[in-house]
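Laboratory data are not the source of any read-out in this text; all were calculated from the coordinates shown. Being a predicted model, the structure only gives us computed values, none of them experimental. Quick reminder, even Gly has a Cβ in these numbers, built from the backbone with ideal geometry, and neighbours come from all protein chains shown.
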Ligand code: DGL
């Protein structure tokens, strides 16, 4: 048993989509969430920069006593998690585009992946794609500009919709029946994606799987909290507190959301 908090970090607000899944599955766990919005988007940065930012976030969370760290960012996972695991003792949970389940279920054998440049160019992503069943065609698309729009509270704007239409048109025309969301910011685009995609195209993200994996690793390492109360949650952003609050249905009223430069 260990009642220290779970640490979660992302390049910004996107990882809250993962945090919500974790909190739903593990409601008694305390959490600390770091939104490094000041340095977003990570997806346009070099691998070295992504590793350095991931180290900074990890050390901040370890300084707060976190018992496990969820890298709630595909870009940081695919570029930095191997390094983090060699440097720190705590367990790390990462997130990668859920290509495998999409490939297994696809009938058209054509799967679209929308992710950041940093994720799509990573070695980890390429080895995952390389291990897929033969005969699956992957249509990769970099979501340039989407993260800044979501970070500025414009996930549901006409500007975002126009960009998504441009990005999705070629893969839809090619006949995909699954779209994998390879960035934790993108679940916030699902309302627009549903307007744009033909009804038979399924959207897959990895949030639930990450929450299940977090629970399994806490159990395996005997790190689950034994608290009978609901967990307490502290969200720390180095940018706009009000924008972060906007990603919670109650406007973040039940959470502690504060600004800190880190
Ligand atoms: N939310 C992140 C991801 O899952 C990073 C997006 C970015 O900062 O480019 O990839």
Stretched fully, the stretch from residue 25 through residue 59 gains (0.36 nm per residue minus C-alpha distance, one decimal, in nm) 9.7 nm
Test of understanding: in a Gaussian network model of the chain with alpha carbons linked when under 10 Å, which of 160, 249, 46 would top the mean-square fluctuation ranking? 249
Under the definition of Cα pairs under 8 Å and six or more residues apart, what whole-number percent is the relative contact order of the chain? 28
Which order do the peptides 110-116, 72-78, 151-157 take when ranked by the mean count of other beta-carbon atoms within 10 Å per residue, highest first? 72-78, 110-116, 151-157
Along the Cα→Cβ direction, 7 angstrom out, place labels at residue 250 and residue 4. What is the inter-label distance in nm? 2.8
In which sequence would 240, 261, 36 go, from the one with the fewest C-beta neighbours within 10 Å to the one with the most? 261, 240, 36
Using the beta-carbon distance between residue 83 and residue 162 and R0 = 35 Å, what value does 1/(1 + (r/R0)^6) give for FRET efficiency, to the nearest 0.05? 0.40
Hey, what angle do you get for helix 207-220 against the long axis of the chain, alpha-carbon based, 0 to 90 degrees rounded to 10? 40
Quick one: angle between helix 74-87 and the longest Cα principal axis of the chain, in degrees between 0 and 90, rounded to 10, please. 40
Degrees, to the nearest 10: 158-174 long Cα axis against longest axis of the chain: 50
Please work out whether segment 1-112 counts as rounded, prolate or oblate from its C-alpha gyration tensor, where a ≥ b ≥ c are the square roots of the eigenvalues and a/c under 1.5 means rounded, while otherwise a/b larger than b/c means prolate and anything else oblate? oblate
Connecting every pair of Cα atoms under 10 Å apart in the chain and solving the GNM, the largest mean-square fluctuation among 162, 80, 102 falls on 162
So what's the back-of-envelope 222 nm ellipticity for the chain, counting only DSSP H runs of four-plus at -39500 (n - 2.57) apiece and dividing by all residues, rounded to 500? -12000 deg cm²/dmol
Could you identify which residue out of 178, 167, 186 has the top mean-square fluctuation in a GNM of the chain using Cα springs shorter than 10 Å? 167
What length, rounded to one decimal in nm, is gained on full extension from residue 195 through to residue 46, with 0.36 nm per residue of separation minus their alpha-carbon distance? 50.3 nm
